[in-house]
Amino acid sequence: MTMSNSSSQQTALRISLAYFLIATVWILFSDKAVFELSRDTEWQMTINTLKGWLFVLFTAVLLFYTMRSVLRRLDKVHEAELELEKQSNFAMEVAGDGLWDWNLEKSEFKYFGAWTHTLGADNPRYVDTDSWLRYVHPEDICQLRNAIDLHIRGQSSSFKNEHRLKLPNGEYKWYLARGLATKRDEQGVARRFSGVITDISAQKNVENEMRVAASAFESNEAKMITDDKKKIIRVNQAFTEITGYSEAEVLGKGPSVLKSGRHSDEFYVLMSEKIIESGWWQGEIWNKRKNGEVYPEWLKINVVKDNDGNVTNYVASFNDISDIKEAEKQIEHLAYFDALTHLPNKSQLIKNLEHILLSPSGNGLKSALILIDIKNFKALNNTLGYRSGDYVLIEISKRLSDILIEGATLARYGADIFSIVLEGISHSQEQAASMAHTFAENIVNTLKEPIAISNLKYEPDIRLGISLFESAKHSAQDVLKFSELATLEAKTSKEKSIHFFDQSMQENLEKRFYIESKLKAAIPNDLFLACQLQVDAYGDPVGAEVLIRWNDPENGLISPADFIPVAEESGLINMIGYWVLQTSCQHLKKWSTHPKLKDIPLSINVSVGQFMQETFFSQLADMISSTNVSPSMIKLELTESVFVEDFETIITKMNAIKSLGVKLSLDDFGTGFSSLSYLKRLPIDELKIDQSFVKDLEQDQGDEAIVKSIIALGKSMGVKVIAEGVETDSQKQMLTDLGCDNFQGYLYDKPKKIEEFEKSFDIY
Ligand code: C2E
Ligand code: MG
Ligand code: MG
């Protein structure tokens, strides 16, 4: 409500003119009237003085009213201005804005409005031009100065800048300053510069949050946002990379564009129900890429709701888990497949058997499990090396794969055992057995072809154990046990390489369980030693073999052939072996002073497990020193099966034992896979021809040839050869003719209780 400059001037002019006119008229007419009224000069002087005072009075009154009127007006203007400032301050306060006014001429910077509080003052503040810059964040000063300079020099139409200002508590807040030069000099340089400053920290925070949200949205994880109607409204780059769809291609569409068709409708219904119920869902799902490829993903869906609880959006995030799935598959493959032959392994075989056994469709149908054992494979491994062993296994697996018939599945059951399941072959037991046997013969024929390894030809000795089974009647473990037992039979048989599991085997199995449960309690009270004489060609005693006996109170005598394998499996052989060694040494000690027995050494059987025990050597050495027997009177009988262990370890052990003065014999010789090359390195004193070759010596030319070569080998090694199981004179004669040194068998002596054996030498 200020008066404009021109109207103020006119008013002043009018007042001055009026005064001038009045004064002129007064001067012109009042002097003349005084002169006319009286010629008296004294009166005239008095009147003129009075008139002069009147004029002064009038002028003073006029001045008074004029001044009062002007000052009143000025007061009103000032009040109005103050009111305006108050109102605009209030408005600024409410809006959170501040005003600033920069008088460059006076180098004066004034700020007021909300900003004053921000900067720590209650009232408008004046600061010098440079000092307000200290409120500005150091990083923002440069660009703020530039923006100011531009505008001051008239190079920008308005000034606008975002910068941070320091609060009294030391924190910085973001502000937007806008302004305009209100006065410029002739060169166009601003002399005065005013504007508004607005707190934009909230907006900056939002921007920041949005930036964070945007970068979170653009993560490696695919993201898809839909509206409440499940129409896609946004996807990120990872979505495009995984699915192949660009954002434009899916906007407005439903997530069903990704459906693979691999899940039932029910799956999606359950998913929706879970989302409605708990506000989220996660799980593995198969989806389809744009190129049609179906892939697995791990999907999480979250519901977004407004303040009233209404669904506004669905946010889906997912990762392509094809790689993880592939790795899982490989791990599963490793768990269920053999790495060398790539055949299913034992676990997979068991799964397969369980599947067949539980299958209702197989009711009454007989299936067969054939275990294919490569006899003495371990010895081959040890002599020719693991690479050759692996090669043989791969070759055998290939040959077996080639002859598989429909319904047959091949697996690698163990290190040197393969398995073939013939599923649902017949309802008839006989027919099933006959079919399994025919197939087994085919296996033997296929595998007996020599396998060339370097310049050698390896002829695998294949042994097959077969069991027939049908669903609901057996467990997978039963079936495996049956076939294993049949394989064991096949391995020990000389004539038949294919064995079926039958009732007698079942009985053996039960016997085995019985033995296992009773054996521990039987040591040592129910055990005793038998002794069997060994003679030379003249029938003179050269030694004796100790053979263990178990007298079970319930079942009478149990053969060592039955309980020694069980003892080996259960580890009880160590206790038993120790007892045999100890008792034998005690007898040897007793014999050492007897005229006839003092020259009879004792052959003591030692099992592989016992021999391989780390403490075996020290036990033996301690026993010799504690019983004070002559070590040369002890002969340890080892079987060729010891060579399944590492050959160098065996040699080292044997040499250590030999160094004690103890003798070594190789029992059951000829039944194992002994290579000439390493036999020669063995520090043994005796080869013991297995009784199976002696038994048919007269009838079987093959056996004769084997015995002949064993004797020749013994001679070449410079060791004695003894034949066991000699029952007849003609056997003894033949063996003598072939050059055998010593003999053991019923022909001379049956194993008898060691006390009876002693009695026969008149010890008592
Ligand atoms: P082996 O060491 O080969 O013992 C020879 C077996 O042949 C003995 O059977 C013996 O009684 C039997 N035998 C001896 N002469 C004849 C004969 O003229 N004809 C026939 N048919 N058989 C004959 P045994 O005592 O039943 O022992 C069987 C196997 O048990 C032994 O075979 C041996 O491997 C093992 N064994 C026996 N005692 C022990 C022992 O103390 N420790 C260990 N680790 N194994 C033992
Ligand atoms: Mg023996
Ligand atoms: Mg023997």
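The values are calculated or read from the model by the stated rules, or taken from the named source; none is laboratory data. None of these values were measured; they are calculated from a predicted model. So basically every Cβ, Gly included, is an ideal-geometry build from the backbone, and we count neighbours across all protein chains shown.
When the residues of segment 129-151 are filtered to those that are modelled with pLDDT of 90 or more and acidic (D, E), the one that is surrounded by the most Cβ atoms within 10 Å (Cβ to Cβ) is D140.
When F647, F611 are checked against the criterion of being under 20 Å from L682 (Cα atoms), of a type in the set (F, W, Y) and within 16 Å of ligand 2 (Cβ to nearest atom), a single residue qualifies: F611. The residue of segment 5-17 that is surrounded by the fewest Cβ atoms within 10 Å (Cβ to Cβ), among those that are among the hydrophobic types (A, V, I, L, M, F, W, C) and at pLDDT below 85, is A12.
Considering (1) without any contact (Cβ under 8 Å) to a residue 12 or more places away in the chain; (2) within 15 Å of ligand 1 (Cβ to nearest atom); (3) of a type in the set (S, T, N, Q), the lone condition that Q731 does not fulfil carries the number (1).
Residues are listed down the side, and each one gets a yes or a no for (1) of a type in the set (F, W, Y); (2) within 16 Å of ligand 2 (Cβ to nearest atom); (3) outside the structural domain of D690 (by TED's automatic domain parsing); (4) not in a strand (DSSP E or B):
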| position | (1), (2), (3), (4) |
| --- | --- |
| A723 | no, yes, no, no |
| V726 | no, yes, no, yes |
| S730 | no, no, no, yes |
| Q733 | no, no, no, yes |
| D737 | no, no, no, yes |
| F743 | yes, yes, no, no |
| L747 | no, no, no, yes |
| K750 | no, yes, no, yes |
| E755 | no, no, no, yes |
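E554 passes every criterion in (1) away from ligand 3 (no atom under 16 Å from the Cβ); (2) modelled with pLDDT under 95; (3) surrounded by 14 or more Cβ atoms within 10 Å (Cβ to Cβ) apart from (3). E354 - would you say it is among the acidic types (D, E), touching a helix residue (DSSP H, G or I) at 6+ places or on another chain (Cβ under 8 Å) and in a helix (DSSP H, G or I)? Yes. Among residues of segment 94-106 that are closer than 16 Å to A202 by Cβ, those with a beta-carbon under 8 Å from a residue that is at pLDDT 85 or above and of a type outside the set (S, T, Y) at least six positions away or on a different chain give the pairs G96/D199; D97/V196; D97/I197; D97/D199; G98/V196; G98/I197. Of the listed requirements (1) in the same structural domain as Y314 (by TED's automatic domain parsing); (2) without any contact (Cβ under 8 Å) to a residue 40 or more places away in the chain, S201 misses just one: (1).
Among the residues of segment 645-664, at least one is under 20 Å from S618 (Cβ atoms), small (G, A, S), modelled with pLDDT of 95 or more and assigned to a loop (DSSP other than H, G, I, E, B).
Beta carbons closer than 9 Å, at least 6 apart along the sequence or on distinct chains, pair a first residue in segment 541-558 that is in contact (Cβ under 8 Å) with a residue 60 or more places away in the chain and farther than 17 Å from K750 by Cβ with a second that is away from ligand 2 (no atom under 12 Å from the Cβ) and among the basic types (K, R) for V542/K720.
Taking E614, is it part of a loop (DSSP other than H, G, I, E, B), more than 16 Å from ligand 1 (Cβ to nearest atom) and either modelled with pLDDT under 95 or more than 25 Å from K375 (Cα to Cα) (or both)? Yes; evaluated as a whole, the condition is true for this residue.
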